[in-house]
Amino acid sequence: QVQLVESGGGLVQPGGSLRLSCAASGRIASINAMGWYRQAPGKQRELVAVITGGGSTNYADSVKGRFTISRDNAKNTVYLEMNSLKPEDTAVYYCNLEARPLGSASRNYYWGQGTQVTVSS
């Protein structure tokens, strides 16, 4: 019913920047919160940033001041601008959103397929 397609990952040197995108498509009635998570090898998946339907944002302490989350409601897309990247930011990044499909009274959580971000010299 709802599909998420991520893009923008890759290899970048320390101090560099990347911009991740996640576009939602399908039979969507409404989208509430949209967020980004990451999972490094051998570690649990962790929240990176989230943006509510009203535009409020919240960030993990480790990325505050370096990452910026934003959304384009007309395009059902969420972005993650990542600056001053560090090797410890290396992980698979997943987008997540809370959405209500058309014809449904309830909201569900959906995950993207993940995109690899590698920060290395």
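Report the label-to-label distance for Asn32 and Glu81 in nanometres (one decimal), using points 7 Å from each Cα along the Cα→Cβ vector.
Using points 7 Å along Cα→Cβ, the separation is 2.8 nm.
Identify which of Arg100, Arg19, Arg27 has the largest mean-square fluctuation in a Gaussian network model of the chain, with springs joining Cα atoms closer than 10 Å.
The residue with the greatest mean-square fluctuation here is Arg27.
Ordered by packing density, taken as the mean number of other Cβ atoms within 10 Å over each peptide's residues, highest first, how do 56-65, 107-116 rank?
107-116, 56-65
Can you pull the Rg over Rh of segment 35-104, Cα-only, Kirkwood? Could you put the intermediate results ahead of the total?
Numbers: Rg = 13.2 Å, Rh = 13.1 Å.
Ratio of gyration radius to Kirkwood radius for segment 35-104: 1.00.
Could you calculate the FRET efficiency of Ser62 with Ser121 from 1/(1 + (r/R0)^6), where r is the beta carbon distance between them and R0 is 25 Å, rounded to 0.05?
On the way: r = 20 Å, r/R0 = 0.80.
The pair Ser62/Ser121 has a calculated efficiency of 0.80.
If the elastic network links every pair of Cα atoms under 10 Å, which of Pro14, Pro101, Pro41 fluctuates the most in the Gaussian network model of the chain?
Pro41
What percent does the relative contact order of segment 51-97 come to when contacts are Cα pairs within less than 8 Å and at least six residues apart?
26 percent
Can you give me the solvent accessible area of Ile31 with a 1.4 Å probe, rounded to the nearest 10 Å²?
Its accessible surface works out to 30 Å², give or take rounding.
Going Cα to Cα from Lys86, which lysines come in below 28 Å? Please leave out same-chain ones fewer than 8 positions away.
Straight-distance partners of Lys86: Lys43, Lys64.
Looking at the chain as a GNM with Cα springs under 10 Å, which of Val78, Val48, Val92 has the largest mean-square fluctuation?
In the Gaussian network model the winner is Val92.
Out of the total accessible area of segment 1-58 (probe 1.4 Å, heavy atoms of protein only), what percent is carbon and sulfur?
46 percent
Restricting the calculation to Cα positions, tell me the Rg (one decimal) and the Dmax (whole number) of the chain in Å.
Both quantities, over Cα of the chain: 14.2, 49 Å.
Report relative contact order for the chain in percent, whole number only (criteria: Cα-Cα under 8 Å, sequence separation at least 6).
Dividing the mean separation by the residue count of the chain yields 36 percent.
If you roll a 1.4 Å probe over the heavy atoms of the protein chains, what accessible area per residue do you get for segment 1-68, in Å²?
So segment 1-68 comes to 54 Å² accessible per residue, rounded to a whole number.
The values are calculated or read from the model by the stated rules, or taken from the named source; none is laboratory data. Here the structure is a predicted model, which means the values were calculated and not measured. Please note: Cβ atoms are built from the backbone with ideal geometry, for glycine as well, and neighbour counts cover all protein chains shown. Areas reflect the complete protein model, heavy atoms only, side chains present, ligands, DNA and RNA absent. Shrake-Rupley method; radii C 1.70, N 1.55, O 1.52, S 1.80 Å.
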